[in-house]
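What follows is calculated from the coordinates using simple rules that are stated; it is not laboratory data. Nothing here was measured: the structure is a model prediction, and the numbers come from that model. Glycine also receives a Cβ, built like all others from the backbone with ideal geometry; neighbour counts cover every protein chain displayed.
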Amino acid sequence: MSFLELKDLRVHFPTDDGLVKSVDGLSFALERGKTLGIVGESGSGKSVTSLGILGLHKGGRAKLGGEIWLDGEELVGASAEHVRTLRGKKMAMIFQDPLSAMHPFYTVGSQIIEAYRIHNDVSKKVARKHAIDMLGRVGIPQPDRRVDSYPHEFSGGMRQRAMIAMALSCDPELLIADEPTTALDVTVQAQILDLMRDLQRDFNAALIIITHDLGVVAELADDILVMYGGKCIEYGTAEDIFERPEHPYTWGLLGSMPRLDRDRTERLLPIKGSPPSLINVPAGCAFHPRCTFEDRTGGKASTEVPQLVETEGGHLVRCHLPRDTRRSIWETEIKPSLEAS
Amino acid sequence: MVTYIIRRLIWSVVMLSIVSIITFAIFFLVPRLAGATSEDLAARYVGRTASAEQVKVAAEKLGFNDPLVVQYGRFAKGIVVGADYDYGPGVERCPAPCFGYSFLTRLPVWPDLLDRLPVTISLALGAAVIWVIAGVATGVLSALKRGSFFDRAAMSIALAGVSMPIFFTGMVSLVLFSYGLKITVAGGTYTPFLTNPATWAYDLLLPWITLAFLYAAGYARLTRAGMLETMNEDYIRTARAKGLRERTVVVKHGLRGALTPILTIFGLDLGLLLGGAVLTESTYSLPGIGKYAIDAIGRQDLPQVMGVTLVAAFFVVVANLVVDLLYAVVDPRVRLV
């Protein structure tokens, strides 16, 4: 069994308007030292998945189903108290906006010290030294001085570094980064991604990067999982997804990625329409109302829910288009338009 | 930080000066605008039997014929360093802070106020302890169990609490607990804390609870709203993601974030109450500043009313100062200002 394994994870929220199926049957596996990128639009279920793994839905309104195995332990059925003891220690999380994710009334140092002392029975003095070490490790200059600063006294990039220091303070084996660079300047994004890559190597942690930005996962991920409407619609190695993508939605994501090497007169290829309602999910394939190639499925797209099937060597796709049709569309229509310059 | 404190201190002194000018204007300028002469003002000081001639002499001696600026200067000087009153037969010294002499008792106002201050302070502080603990605890629990039976019940009671005036809840509880069940005193008695702390508390128990009920209701609603907001903040999710116990998340991260507006309101409420809990003191016949004020107004004893006004204003200004200084402690982002 892999270090982290999700089997048919379901996170549903009962609301007055109906059942919101934020995550509906998600499965994947991840080993230590490897990076998985989960990509999708807002509302595709990426963040809900990560909060589910951390057990942060427990005690809330969400209904969880399926299994989450972390290092041989099942977490969906485990007690909230047990999952709490794993949180921060065995698995940790980096959030999107470090300004709102850090408490404005406590110093950066005290927040790291707090995280460390929950899981390590040490004195404040020892924990403080550890916090300074961690701040130094994530590249914050003069950490022995900055440890007593408040979050609002840090720049955006420094705050995200501090957030990473906090998440890594207990040496977690699984690190989940939810849109870690979205709130940052482009120049700072690259630094943070580099930092995360280096730290992952040092800590040998399993890393999940959640993002809507394929550029971010291109930098870091070994494997990529594309989510749409709470389901996995394509899964494969980074090479599979970037070189041989087979799902029309993935093509859309690739087409809507701004690239510097493309001609400026050429337009981005946005995906038409908007993400599906998670209460009234479109019948058949959830993506079919937005799919350009829906007419080539012989009417199956709007009636039948497609299954996630392997096309070759671990590359999974959830699409009604016949495999050969998909490949020829990619080779003859999509790829040339992406490469045209 | 030091400049911030100094700036706020200076500002408080300015505020108090402005308050004293306004008070002076209300008591000495407004009657003149309404047509009163120096003699009319002086008449209040000399009693009903005085002849017109005597009143004229008194008006001159009391300085009512001097320019207003000079009069205010004398008034302000009296508060700061004390004043000498010339009654004709002799000169009487009124030590600082001099708010003048009561028309009725002919005693200086300040010692009277000083006598009554412990009652009001005991009442206000005791009630404050009860309402902060009860109100904040209820608000936190309500927010955490939002929509539950407890939440609905607590918020209904809170709504009743803010809606019912003290003289109503006070009367009802007097009838119920003092005259009916006979478990509390019927009011009117006050034992100094130093004489007997147990009797002190027992005498004040019912006023405390009545007063606290009114305020606790408001604080419960305020705390509940604040907690509902902060518990949805991203930093609460971070705190949970660290693996903190839920209790620590709620108190150390959630409540801490919701505390700022509560602190502000608390400072103002306490400041106002220290200037006299008029309704509570009247309802329970407690000899505090509020009761003193009501009696003074009834007798039109202007120096007494003026004294209460200035003392009340002093407490409000000081409370505001303390709140502003505490703000910087509670919210580190304020320090830059």
Can you give me the Cα centroid spacing of the stretch B:50-82 and the stretch A:165-205 in angstrom?
77 Å
Working from the alpha-carbon coordinates of chain A, get Rg over Rh, Rh being the Kirkwood radius.
0.99
Tell me, in nm to one decimal, what length is gained between A:Lys335 and A:Met1 on full extension, where the rule is 0.36 nm per residue of separation less the Cα-Cα distance?
116.6 nm
Sort A:Cys285, B:Cys94, A:Cys319, A:Cys170 so that the residue with the fewest other Cβ atoms within 10 Å of its own Cβ comes first and the one with the most comes last.
B:Cys94, A:Cys170, A:Cys319, A:Cys285
Rough spin-label spacing in nm, given labels placed 7 Å along Cα→Cβ, for A:Asp324 and A:Val305
3.0 nm
Among B:Val91, B:Trp11, B:Gln304, which residue has its Cα positioned farthest towards the positive end of the charge dipole of the protein assembly as shown, with +1 placed on the Cβ of Lys and Arg, -1 on the Cβ of Asp and Glu, and the dipole taken about the Cα centre?
B:Val91
Does anything in the stretch B:90-117 have its amide N under 18 Å from the 7 Å Cα→Cβ label point of B:Lys77, and if so which residues?
B:91-101
Under-5 Å amide H pairs with A:His315, H placed in peptide plane, nonlocal only
none
Cα-projected label distance for B:Asp234 with A:Asp185, points at 7 Å along beta-carbon direction, nm:
1.8 nm
Fluctuation leader among A:Asp17, A:Asp202, A:Asp223 - chain A, Gaussian network, Cα springs under 10 angstrom
A:Asp17
For B:Phe27, B:Phe99, what's the fewest-to-most ordering of other Cβ within 10 Å of each Cβ?
B:Phe27, B:Phe99
If you average 1/r over all unlike Cα pairs in the stretch A:244-339 and invert the result, what Kirkwood radius do you get in angstrom?
14.4 Å
Can you give the extra length, in nm with one decimal, that the chain gains between B:Phe168 and B:Leu181 once fully stretched, where that is 0.36 nm per residue apart less the Cα-Cα distance?
2.9 nm
Approximate shape of the protein assembly as shown as ellipsoid semi-axes (Cα gyration tensor, √5λ), whole Å, largest first:
72, 27, 24
Within the stretch B:58-140, list the trypsin sites (Lys or Arg not before Pro) lying in a DSSP loop whose Cβ has at most 14 other Cβ atoms in a 10 Å radius.
B:Arg106
How large is the charge dipole for chain B, taken about the Cα centre, if only the Cβ atoms of Lys, Arg (+1) and Asp, Glu (-1) carry charge, to the nearest 20 debye?
1340 debye
Just the Cα atoms of chain B: what Rg and Dmax do they give in Å?
24.6, 86
So if each residue of separation counts as 0.36 nm, and I subtract the Cα-Cα distance between B:Thr195 and B:Gln300, what length gain in nm does that give?
34.4 nm
What ranking do B:Leu268, A:Leu199 get, fewest neighbouring Cβ atoms within 10 angstrom at the top?
B:Leu268, A:Leu199
Helix hunt in chain B: which complete DSSP H runs extend at least 24 Å axially by C-alpha with mean Kyte-Doolittle at least 0.5?
B:2-24, B:109-144, B:197-230, B:256-274, B:302-330
With each label point set 7 Å from Cα along the Cα-Cβ vector, what nm distance links B:Leu29 and B:Gln54?
3.3 nm
Once Lys and Arg get +1 and Asp and Glu get -1 on their Cβ, which of B:Leu194, B:Phe266, B:Leu29 lies farthest toward the positive end of the dipole of chain B?
B:Phe266
Rh (Kirkwood; distinct C-alpha pairs) - the stretch B:2-95, Å
15.1 Å
At 15 angstrom or more along the helix axis (alpha-carbon based) and mean Kyte-Doolittle of -1.0 or higher, what helices does chain A contain? Whole DSSP H runs only.
A:108-119, A:124-137, A:156-168, A:186-203
